[in-house]
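The structure appears below as structure tokens.
Computed from the coordinates by the stated procedures, all read-outs in this text should not be read as laboratory data. Worth saying up front: this structure is predicted, and the values here are computed from it rather than measured. We place every Cβ from the backbone using ideal geometry, glycine too, and count neighbours over all the protein chains shown.
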Amino acid sequence: METTQEEIYSKVLRAGRRTYFFDVRETKASDYYLTITESKKYSNDDGTFFYKKHKIYLYKEDFSDFKDILSEVMDFIISERGIEVISEKHQKDFNEQKEKIA
């Protein structure tokens, strides 16, 4: 028996090779919950593509704590490292900067 879960509301965030899907779905009891899916594009040696997906199910009873902790952790990252992205991909002088810190 195949069941299809209709998406009630969806938002998509495209971020380079990653895409995040935020989908509101309905439980058997007609309540709503959230799924957050990360889909990342990879390429095979022959040039074809495939996607790896990771999914989180988030239920209403966890919304408040999840939101608080997510906000706290994001604030910590920004306060410790700033809003600018630090990586080899985004900075040509990444290795030089890394050596200066060490």
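Calculated FRET efficiency, Glu88 to Ile56, Cβ-Cβ distance, R0 = 22 Å: about 0.20 to the nearest 0.05. If you take all other residues with their beta carbon under 10 Å from the beta carbon of Ser10, and give Lys and Arg +1 and Asp and Glu -1, the sum is 0.
Extents of the range 9-101, largest first, come to 56, 43, 15 Å (Cα atoms, principal axes, whole angstrom).
Label zone (Asp75, point 7 Å along Cα-to-C-beta; backbone nitrogen cut-off 17 Å) within the range 29-66: 64-66. Counted residue by residue at 0.36 nm each, then reduced by the alpha carbon distance between them, the extension gain from Asp65 to Ile36 reaches 8.8 nm.
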